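Contents: one structure, followed by commentary.
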Amino acid sequence: MADLFSSFGLKSVSLRNRIAMSPMCQYSAIDGVPGDWHLMNLGARAAGGVGLAIGEATAVSPEGRITPGCTGLWNDAQTEAWARIARFVAAQGAVPGIQIAHAGRKGAARPPWEDGGAQYEPGDARGWQTVGPTAAAFGGNLTRVPRALTEADIVRVRADFAAAARRALAAGFQWLVLHFAHGYLAQSFFSPLSNRRTDRYGGSFENRARFLEETLAAVRAVWPERLPLTARLGVTDFVAGEQPFEESLELVRRLKAGGLDLVDVSIGFNTADRSATPWQQPAFMAPYAARIRAATGLPTAASWNIRDPAVADELVRTGQLDLVMLAKSLIDDPHWAYHAARSLGREAPKAWLSRQYASGL
Ligand SMILES: Cc1cc2nc3c(=O)[nH]c(=O)nc-3n(C[C@H](O)[C@H](O)[C@H](O)COP(=O)(O)O)c2cc1C
């Protein structure tokens with residue numbers, strides 16, 4: 001039976017355990033180019049024993065960034081800078097992954113430490129014209145009204161995703177995550193909370209799913225079959241008016257048929273109303289992942305409030321998750337994987353530690 005510390009094979013890739021560093025924006029790139037901070041951020045967790053370290057939401061085009069400090073993969077300088085990081089992560093024994101993304105109507109924002117991440121006002125040179133399925137602002141402090149994408153724009157965005165996937169491969173990443181969650185462009189096409197289109201990209205389930213299915217197909221065509229192609233998908237917003245869960249399930253079935261290898265089950269974030277989200281409940285997205293795994297047979301991952309190693313281990317042992325995604329636990333403790341094994345009375349896996357540290361812990 002698999003547990004948190006078993007290796008996990010997907011396609012030709014093998015992870016040394018089921019613990020993954022969840023993507024985390026650092027808002028610290030210059031012109032989309034990651035630097036020393038990003039090397040440290042991913043490198044410390046890779047050296048600390050995770051099986052998979054996933055680089056932050058990385059924009060497929062300049063207007064696809066959340067903030068001006070977000071990383072990108074649309075030019076050579078970015079690709080080379082990411083290659084240095086991917087090499088370092090792999091040298092520590094972790095598999096290097098990256099999430100490619102388009103922020104859609106949530107772009108042109110300040111970093112969270114400036115005015116709580118509010119969007120730049122139209123006319124401010126630090127911002128840009130945002131885009132979305134529909135010309136409606138997100139709400140809260142994201143007040144910019146996006147331009148609704150035309151069908152020709154959609155073709156271009158799809159090509160941008162494919163080009164970024166090629167660059168991710170050239171940079172040495174072995175695990176690709178499509179950002180289909182958190183209210184960014186792809187997710188905002190799927191949710192009826194954010195998509196009010198009346199053309200073939202809006203309205204019915206088939207139409208709202210089209211942007212995501214076509215993006216997957218474009219990326220699958222350029223990303224090698226031997227490497228995992230995964231997506232982070234928002235399956236619920238915990239509010240009335242969203243898609244029924246059955247639709248999220250059906251979307252996963254279709255993405256699986258389209259070549260998806262694993263789904264990371266997350267939140268929609270298509271609305272500023274987060275009052276019903278059960279933040280305090282440990283691993284609150286895992287039950288959704290378990291239902292999806294049981295119904296579709298697709299391997300699953302999930303994050304959200306997984307802190308306790310015993311809980312994480314149980315999620316894998318009971319077949320709810322194939323991979324446990326951690327963000328805040330790994331901010332708190334880059335050596336979480338090693339400490340988790342020790343706290344559960346397993347043999348301390350010294351092999352997960354870099355040799356420089358192995359004698360010291
Ligand atoms: C600083 C920070 C940045 C994040 N950036 C991203 C991101 O780039 N892409 C993404 O899909 N999720 C992002 N998230 C969400 C995390 O990956 C994770 O899903 C979430 O924090 C829940 O996991 P946790 O309870 O272990 O923190 C971010 C979270 C944090 C704390």
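The values are calculated or read from the model by the stated rules, or taken from the named source; none is laboratory data. Bear in mind the structure is a predicted one, so any value in this text is a computation, not a measurement. Heads up, the Cβs are rebuilt from the backbone with ideal geometry, glycines too, and the neighbour counts pull from every protein chain shown. Accessible surface areas use protein heavy atoms only, side chains included; no ligands, DNA or RNA. Shrake-Rupley method; radii C 1.70, N 1.55, O 1.52, S 1.80 Å.
For Lys11, the lysines whose Cα comes closer than 18 Å to its Cα, not counting residues fewer than 8 places off in the same chain, are Lys256. DSSP loop GluC sites (Glu not before Pro) in the range 61-121 with at most 15 other Cβ atoms within 10 Å of their Cβ, which ones? Loop-located and lightly packed - Glu114. Backbone amide hydrogens, once placed in the peptide plane, bring Ile54 within less than 5 Å of Met21, Gly97, excluding anything fewer than 5 places away on its chain. Could you tally the net charge around Leu249, taking each other residue with its Cβ under 13 Å from the Cβ of Leu249, Lys/Arg +1 and Asp/Glu -1? Value of the local net charge: +2.
Taking chymotrypsin sites (Phe, Trp or Tyr not before Pro) as exposed when DSSP calls them loop and at most 13 other C-beta atoms lie within 10 angstrom, the chain has its longest site-free stretch at 114-278.
A straight line joining the Cα centroids of the range 121-195 and the range 4-70 runs 19 Å. Around the amide H of Ala109, modelled in the peptide plane, lie the amide H atoms of Thr67, Tyr120, all under 5 Å away and 5 or more residues distant in sequence or on another chain. Computed from Cα positions, the angle between helix 151-170 and the longest principal axis of the chain comes to roughly 20 degrees. Each other residue within a Cβ distance under 10 Å of Pro349 adds +1 if Lys or Arg and -1 if Asp or Glu, for a net charge of +3.
Net charge near Gly43: determine it from the other residues with C-beta under 13 Å of the C-beta of Gly43, scoring Lys and Arg +1 and Asp and Glu -1.
In short, +2.
The slack in the chain from Ala351 to Ala170, taken as 0.36 nm per residue of separation less the alpha-carbon distance, amounts to 62.3 nm.
Just the number, please: carbon plus sulfur as a percent of the accessible area of the range 135-218, 1.4 Å probe, no ligands or DNA/RNA counted.
54
For the range 73-119 and the range 199-228, what is the separation of their C-alpha centers, rounded to whole Å? If you average the Cα positions of each part, the centres end up 22 Å apart.
Between the helical axis of 76-91 and the longest alpha-carbon principal axis of the chain there is an angle of about 30 degrees. For a Förster distance of 35 Å, can you work out the FRET efficiency between the beta-carbons of Asn75 and Leu249, rounded to the nearest 0.05? Here the calculated transfer efficiency is 0.40. Here the relative contact order of the chain, from alpha carbon pairs under 8 Å that lie six or more residues apart, stands at 17 percent.
A straight Cα-to-Cα reach below 26 Å connects Lys106 with the lysines Lys328, residues fewer than 8 places away in its own chain not being considered. Among the trypsin sites (Lys or Arg not before Pro) in the range 4-64, those located in a DSSP loop and surrounded by at most 15 other Cβ atoms within 10 Å of their own Cβ are Lys11. Think of the chain as having a plus end and a minus end, set by charges on the Cβ of Lys, Arg, Asp and Glu; of Ala286, Tyr184, Val50, Val50 sits farthest toward the positive end of this dipole.
For Val222 and Ser359, a Förster radius of 41 Å and the Cβ-Cβ distance give a FRET efficiency of 0.40, rounded to the nearest 0.05. A 1.4 Å probe run over the protein chains yields, for the chain, 37 Å² of accessible area per residue, whole-number rounding.
With r defined as the distance between the Cβ atoms of Ala294 and Asp31 and R0 fixed at 41 Å, what FRET efficiency is calculated, to the nearest 0.05? Taking R0 as 41 Å, the efficiency between Ala294 and Asp31 is 0.40. Working from label points 7 Å from Cα in the Cα-to-Cβ sense, the Ser7 to Thr143 distance is 5.5 nm.
Using 0.36 nm per residue and subtracting the Cα-Cα separation, the extra length available between Ala159 and Arg307 on full extension is 49.5 nm.
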